[in-house]
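Let me begin by presenting the structure, written as structure tokens, before commenting on it.
The values are calculated or read from the model by the stated rules, or taken from the named source; none is laboratory data. For clarity, every value in this text was computed on a predicted model and none was experimentally measured. Here the Cβ positions follow ideal geometry from the backbone for every residue, glycine too, while neighbour counts run over all protein chains shown.
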Amino acid sequence: MANPESEDTIDDKPMPLLAHLLELRTRLLWSFVAFIACFALSYGFAGEIYYFLAEPLAAVLREQGNPNPHLIYTQLYEAFFTRIKVAFFGGAFIAFPVMATQIWLFVAPGLYRSEKRALLPFLAATPILFVMGAALAYYFVFPFAWRFFASFQDPTGGGGVPIELLPRVSEYLDLVMKLIFAFGLTFQLPVALTLLAKVGIVTSVGLRKFRRYAVVCMFVVAAILAPPDVITQIGLAVPLMLLYEISIIAATFVEPKPTET
């Protein structure tokens, strides 16, 4: 009968340092090529991506009686560089699975088979949670936050001087892309904590004891990443609190069990 421990081997072959550096260069080159290809593709569809990102604000402005919502730019080169930013955003988003695969192909040969089986669920959960975080920002937080900001418009204004919202395209898209990436990255919290619990760095008991401090840290993170309004900050902090509780539950299943003597 085969010993299970004997089957838990490393598939990597001994390689000199130069060979590892060449392998790393190859993986980085493939990642770069994938990003450039996705960047070029996104640049061709930059108008569609821009419309998708601007639609939450446009919908709010239509609700408030503006039949022709639009964004402005005040510098000659602003629209061009905004298009570049949109293409960069789309390229990074689309190329992420390819780049993550290249990282995995570089790291995987040095792992035991049991370690590979343990890491694969986390790798599969990473893009799913990122998309969930981005979707929460786009479909839930943006409408509430933009409605709050747009409510300060005043058609009559004090002394007959109206106050109208005329957002700059570069500033708006910078804010939108920042929030999408912020929500996507913070939704990796269960992956990070569960992985740390699996290797024994943290425990479910420790996470429960640290809960009150974690809540404070989450609101601090939300205050740093989100704009200075209560709606967006709560929209980021509350999901983080729920994800922290999910992480505690997941940690109880994956953390090493104490051996009985």
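Say whether the condition of being within 30 Å of ARG83 (Cβ to Cβ), modelled with pLDDT of 85 or more and of a type in the set (A, V, I, L, M) is met by at least one residue in the range 206-221. Before you say what the answer is, go through the steps one by one.
Restricting attention to the range 206-221, the residues satisfying the condition of being within 30 Å of ARG83 (Cβ to Cβ) are none.
No, there is no match, as no residue in the range 206-221 is within 30 Å of ARG83 (Cβ to Cβ), modelled with pLDDT of 85 or more and of a type in the set (A, V, I, L, M).
Is it the case that SER170 is over 28 Å from ILE246 (Cβ atoms), hydroxyl-bearing (Ser, Thr, Tyr) and in contact with an Asp or Glu (Cβ under 6 Å, 6 or more places away or on another chain)?
Taking the combined requirement at face value, the residue satisfies it.
Give the residues of the range 58-90 that are touching a residue at least 12 places away in the same chain (Cβ under 8 Å) and among the charged types (D, E, K, R), sorted by residue number.
Residues satisfying the conditions are GLU63, GLU78, ARG83, LYS85.
Kindly indicate whether PRO56 is in a loop (DSSP other than H, G, I, E, B) and under 20 Å from LEU179 (Cβ atoms).
no
Looking at (1) farther than 28 Å from SER247 by Cβ; (2) at pLDDT below 85; (3) assigned to a helix (DSSP H, G or I), which is the one condition that is false for ALA87?
The number of the failed condition is (2).
Are there any pairs, at least 6 apart or on different chains, whose C-beta atoms fall under 8 Å, with the first in the range 91-109 and assigned to a helix (DSSP H, G or I) and the second small (Gly, Ala, Ser) and surrounded by fewer than 15 Cβ atoms within 10 Å (Cβ to Cβ), and if so, which?
Taking only residues 6 or more apart or on different chains, the pairs are GLY91/ALA40; ALA95/ALA37.
Could you please let me know if GLY110 is among the small types (Gly, Ala, Ser) and in contact with a helix residue (DSSP H, G or I) (Cβ under 9 Å, 6 or more places away or on another chain)?
Spelling it out, it is not the case that GLY110 is among the small types (Gly, Ala, Ser) and in contact with a helix residue (DSSP H, G or I) (Cβ under 9 Å, 6 or more places away or on another chain).
For GLU171, only one of the following conditions fails: (1) at pLDDT 85 or above; (2) out of contact with any Phe, Trp or Tyr (no Cβ under 7 Å at 6 or more places or on another chain); (3) buried (at least 20 other Cβ atoms within 10 Å of the Cβ); (4) closer than 30 Å to GLY47 by Cα. What is its number?
The failed condition is (3).
Among LEU179, LEU196, which is free of Cβ contacts under 8 Å to residues at least 60 places away in the same chain, in contact with a Phe, Trp or Tyr (Cβ under 9 Å, 6 or more places away or on another chain) and not aromatic (Phe, Trp, Tyr)?
That would be LEU179, the only listed residue that is free of Cβ contacts under 8 Å to residues at least 60 places away in the same chain, in contact with a Phe, Trp or Tyr (Cβ under 9 Å, 6 or more places away or on another chain) and not aromatic (Phe, Trp, Tyr).
Would you check if GLY200 is more than 25 Å from VAL141 (Cβ to Cβ) and touching a Pro at 6+ places or on another chain (Cβ under 8 Å)?
Judged against the criteria, GLY200 is a match.
Of ILE180, ILE234, which residue is under 15 Å from ALA145 (Cβ atoms), surrounded by 17 or more Cβ atoms within 10 Å (Cβ to Cβ) and not polar (S, T, N, Q)?
Selected residue: ILE180, the only one of ILE180, ILE234 that is under 15 Å from ALA145 (Cβ atoms), surrounded by 17 or more Cβ atoms within 10 Å (Cβ to Cβ) and not polar (S, T, N, Q).
If a residue must be touching a strand residue (DSSP E or B) at 6+ places or on another chain (Cβ under 8 Å), in contact (Cβ under 8 Å) with a residue 60 or more places away in the chain and either charged (D, E, K, R) or not in a loop (DSSP other than H, G, I, E, B) (or both), how many such residues does the range 114-163 contain?
0
Within the range 31-75, take every residue that is surrounded by fewer than 16 Cβ atoms within 10 Å (Cβ to Cβ) and small (Gly, Ala, Ser) and give me the one that is modelled with the lowest pLDDT.
Of the range 31-75, the ones surrounded by fewer than 16 Cβ atoms within 10 Å (Cβ to Cβ) are 32-33, 36-37, 40-41, 44-45, 47-48, 51-52, 55, 59, 62-68, 70, 72-75.
Still in the running and small (Gly, Ala, Ser): 37, 40, 44, 47, 59, 65.
Values: ALA37: 95, ALA40: 95, GLY44: 91, GLY47: 88, ALA59: 91, GLY65: 79.
Of everything passing the filter in the range 31-75, GLY65 is modelled with the lowest pLDDT.
Give me a count of the residues in the range 198-240 that are within 17 Å of ALA134 (Cα to Cα) and in a helix (DSSP H, G or I).
Here the count works out to 13.
Tell me yes or no: at least one residue of the range 68-85 is among the charged types (D, E, K, R) and touching an Asp or Glu at 6+ places or on another chain (Cβ under 9 Å).
Yes, the range 68-85 has at least one match.
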